[in-house]
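The values are calculated or read from the model by the stated rules, or taken from the named source; none is laboratory data. Everything numeric in this text was worked out from a predicted model, so none of it was measured. Note that each Cβ is placed from the backbone with ideal geometry, even for glycine, and that neighbours are counted across all protein chains shown. These accessible areas exclude ligands, DNA and RNA; they are computed on the full protein's heavy atoms, side chains included. Shrake-Rupley method; radii C 1.70, N 1.55, O 1.52, S 1.80 Å.
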Amino acid sequence: MDTQMKVICDGLDLADAVLKVIKATATRTTNPILEGIKLVAENDCLKLSATDLELMIETKIKADVKLEGTVVVPGKFFSEYVRKLTNEQITLEVSENNQLKLAYTDSVGYMQCLNAEEFPNIQKISNEQYFEISKDDFVDAINKTIFSVSLDDARPLFKGCFFEVGEKSVNVVALDGYRMSIAKKPILYATSEAKFVVPAKSLAEITKVIDDKDESIKVFFQKQYVMIEQEGAVIISRLLDGEFINYNNLITSGDFTTITTVNKKQLEEALDRTSLLARVERNNIAKFEIKDKTLAISSNSEIGNIHENVTISLNGVDLTTAFNSRYFIECLKVVNDEFITLNFTTPIAPCIIKPFEGDDYLFLILPVRIVA
């Protein structure tokens with residue numbers, strides 16, 4: 001039986017590479033090829049790639065290529081198999097009937113492969129347009145916004161994060177109709193200004209693939225795609241179509257009438273306790289009563305009620321309002337500052353959360369109506 005491909009590689013290297021690309025395989029699809037991982041043996045490396053047509057991840061490892069070739073393996077089965085071979089040297093050999101043989105020590109395994117000709121062509125992106133940013137700043141910007149994306153299929157554009165690339169900084173924005181998150185980060189260089197929306201799923205996988213070794217990354221972009229290259233890995237994501245909302249119009253203009261400065265950790269712990277009732281009842285509502293030097297937070301249900309007092313510094317008038325406590329907690333979890341400010345205009349207007357110093361993030365949360 002003729003051999004169509006033969007390559008020898010380290011089991012740990014192969015398992016690590018598969019772990020990276022498997023994230024881009026489709027999980028629920030009528031097209032089985034999108035569940036596969038493409039293996040290309042050429043020169044002195046084995047290249048692995050996977051795509052669900054929205055996200056593509058490609059990486060490569062060093063290998064002893066005896067015979068160049070291409071094959072598409074069943075992604076889930078192949079991934080689970082090679083994860084159990086991390087201490088082995090593996091020989092991958094493809095026969096003319098498209099069957100993959102995995103040989104290691106004195107053992108062998110076989111799997112039937114998919115038709116490589118059906119695997120979609122991967123869109124290649126030019127490296128002409130990009131911005132360069134600190135790796136830590138990029139990851140922090142995603143972490144500070146991605147939790148606010150919409151989960152509603154009726155508003156697909158809000159299922160991603162909006163990137164507004166300027167000359168010296170980038171704003172990353174996410175919103176779902178009830179809250180909004182904005183992260184502002186400096187950039188090291190930009191070829192041009194740009195605006196685009198990256199799906200949240202793609203960004204979540206990008207942050208996992210980014211290597212700790214590099215201090216900065218380049219984000220390449222063109223009309224329909226965005227690309228990041230990291231330590232031999234290439235990640236390409238299709239952009240979401242449409243014009244993002246003018247988010248600046250959503251931010252309360254004019255002077256705030258109530259500004260409180262509060263210890264972030266104390267506020268987070270108080271909200272975490274008052275939200276305990278939400279775990280047994282569908283009630284995330286937390287009532288805020290701001291008066292003098294105290295922010296009183298309370299939640300009530302048929303099971304019981306919880307009342308917390310948090311010391312604050314108040315500039316302005318007293319105020320009583322209410323919010324979904326989960327929205328507040330998710331914001332506070334991604335903030336490292338010791339102190340933050342809560343800014344209000346009226347009880348029925350959004351709360352604006354800002355750092356006590358600086359302007360590198362902003363959260364907006366709509367209040368909920370409470371029955372007196």
_Could you list, ordered by first residue, the pairs with Cβ atoms under 7 Å in which the first is in region 66-80 and within 10 Å of GLU35 (Cβ to Cβ) and the second is small (Gly, Ala, Ser) and not in a strand (DSSP E or B), at least 6 apart or interchain?_
VAL72/ALA116
*Options LEU314, LEU319; residue that is in contact (Cβ under 8 Å) with a residue 12 or more places away in the chain, open to solvent by less than 30 Å² (accessible area, probe 1.4 Å) and out of contact with any Gly (no Cβ under 8 Å at 6 or more places or on another chain)*: LEU319
_Quick check on ALA26: is it at pLDDT 95 or above, crowded, with 18+ Cβ neighbours inside 10 Å and small (Gly, Ala, Ser)?_
no
*Taking strands (runs of 3 or more DSSP E) that fall entirely within region 107-199, which contain at least 3 residues that are of a type outside the set (Val, Ile, Thr), open to solvent by less than 70 Å² (accessible area, probe 1.4 Å) and without any contact (Cβ under 8 Å) to a residue 24 or more places away in the chain?*
none
*asked:* I'm told LYS293 meets every condition in (1) without any contact (Cβ under 8 Å) to a residue 24 or more places away in the chain; (2) in contact with a helix residue (DSSP H, G or I) (Cβ under 9 Å, 6 or more places away or on another chain) except one. Can you identify the failing condition by its number?
replied: (2)
*Does LEU19 satisfy the condition of being touching a helix residue (DSSP H, G or I) at 6+ places or on another chain (Cβ under 9 Å) and open to solvent by less than 10 Å² (accessible area, probe 1.4 Å)?*
no
*asked:* Which count do you get for residues in region 68-98 that are closer than 22 Å to GLU118 by Cα and open to solvent by 60 Å² or more (accessible area, probe 1.4 Å)?
replied: 6
*Across region 284-311, which residue is most open to solvent (accessible area, probe 1.4 Å) among those that are farther than 28 Å from ALA141 by Cβ and not in a strand (DSSP E or B)?*
GLU302
_Residue in region 16-37 that is of a type in the set (S, T, N, Q) and over 23 Å from GLU118 (Cα atoms) present_ = no
